[in-house]
Every structure is written in C-alpha cells, then in structure tokens.
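Chemist: The structure's right below; bear with me while I get my questions together.
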Amino acid sequence: MRYKAVLLFGAPGSGKGTQGKILGSTPGFHHFACGDVFRALDPRGPLGQTFAKYSQGGGLVPDEFTIQLWQDAIQRRIDAGQFNPSADILLLDGIPRTLEQARLLDDKIDVQAIIYLVCENVQEIISRLRRRAAVDGRTDDTDEEVIRYRLDVYEEVTRPVLEFYPRNKIVRVNAVRPQEEVAADLARILGPLVKARGGTL
C-alpha cells in the first residue's frame, strides 16, 4: 500500500525536526525523521560507517541506501505497532532529499501536502544549527564550513525536489518566527487532513 504522507521540507535548520516532533505527538500523525534513524545506526557497523562517511563532510547519503533504510525502518515501526498505516499520516522529515529519492518513493507514499518551511537567512540558520549542536551533540552542526556546504547541497540538489510535486500541494510557511507560531500555522493547515481520517488536531 502507499502510505498517506506529509513532507516537511526546508533547508537545514529551518525547523523540520522541531515541528515534526510537535506534530508527531498528536494522534493521527507518525513522525519519521530520516536523520535520526541514520544517527541511531551502530557506528561500528557497515551501515553506520557508510552514514558517517557522508554526513561528516556535509554530503548526502546515496539514494538507494537511503530508501532501503527507510523501508526497513518503516516496516519495523509497523511490526512494533508504532505506526498504523490505515489510521496515521506519515510525517516525513529529511526524505526525499533528491529527485531520485522522490521517484523511488513515488509508489510507496501518497503525498497529501508538502510543508515548505522557509528560512532564507543564512546567519539565522547557522545560529540555529550551532544551538542544536550544543544540545544534541551533533558534530556535523559545529563547523561553519560544513554547514555552508550542506546549504549549497540543499540549494543544488534538494530544493529542486519541490518541482517533482504538484504546486497546489506545496504550502510555504515562514519559519523565521517563534516555534509556537509556526506550530499553530501547521495545525491550521494540516487539521483538515487529520479530520478527514477521523481524528482531530
């Protein structure tokens, strides 16, 4: 089956993870942060080493590796009863990051909406990522050169993913505001989707 999904889209530091966690705590949504799944890999194992090889330099993990890992993780959550595809909307954060990933996912997810968190102030993004590094211990968020490279990769490789989806499904949200204001906007935008599946937001 194709999972009903909402994509959280935006540059590194735009607030995808923060907003995903807020929405993911609401009945009717299941938050899946691809980066968290990667970082949870055993760093001594081959998968963990593959992830580290790319993330430490700010690059993207290869497409087929990413999609396979995503599929395996989703199936584990279904088997564990954490994600119910017939009742929950899958809230995807950090995937797809390339046009090829979008194509590979097309027969697996039914995209209901794309929430585009817009934060175009580079210094604000750098500040956010450094604050996150201090809290989460993310080494890939401490080096400004790596951050700027990640932003270049986003502009060149990830932002074009928006062109893969119908424009009427893309909702731009100003992410340079307090997280409570952004969360209120997302609840207003996504409430009808949850209501249509018998839930409330």
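Chemist: Taking 20 °C and 1.002 mPa s as the conditions, I'd like the Stokes-Einstein D for the range 72-128 in µm²/s, using the Kirkwood hydrodynamic radius from alpha carbon pairs.
Modeler: Estimated diffusion coefficient is 154 µm²/s.
Chemist: Something else about it: Relative contact order, percent, of the range 32-127 when contacts are C-alpha pairs under 8 Å separated by at least 6 residues?
Modeler: Once normalised by length, the contact order is 30 percent.
Chemist: Relative contact order, percent, of the chain when contacts are C-alpha pairs under 8 Å separated by at least 6 residues?
Modeler: Relative CO of the chain lands at 35 percent.
Chemist: Set the Förster distance to 22 Å, then compute FRET efficiency between I189 and R159 from the Cβ-Cβ distance, nearest 0.05.
Modeler: My answer for the efficiency is 0.60.
Chemist: Over the range 1-120, what per residue volume does the convex hull of the Cα atoms give, in whole Å³?
Modeler: Roughly 109 Å³ of hull volume per residue.
Chemist: Rounded to the nearest 0.05, what FRET efficiency do I78 and E181 give with R0 = 41 Å and r taken as the Cβ-Cβ distance? Could you check?
Modeler: 0.75
Chemist: At 7 Å along Cα-to-Cβ for each site, give me the label-to-label distance between Q123 and K108 in nm.
Modeler: So the label points at Q123 and K108 sit 4.1 nm apart.
Chemist: Pairs to check: K21/K53; K16/K169; K53/K108. Give those whose C-alpha atoms are more than 22 Å from each other in this structure.
Modeler: Distance filter (> 22 Å) returns K21/K53; K53/K108.
Every number here is computed from the coordinates shown, using simple stated rules; none is lab data. Fair warning: this is a prediction, and the values are worked out from it, not measured in the lab. Cβ sites come from the backbone with ideal geometry, for glycine too, and all protein chains shown count toward neighbours.
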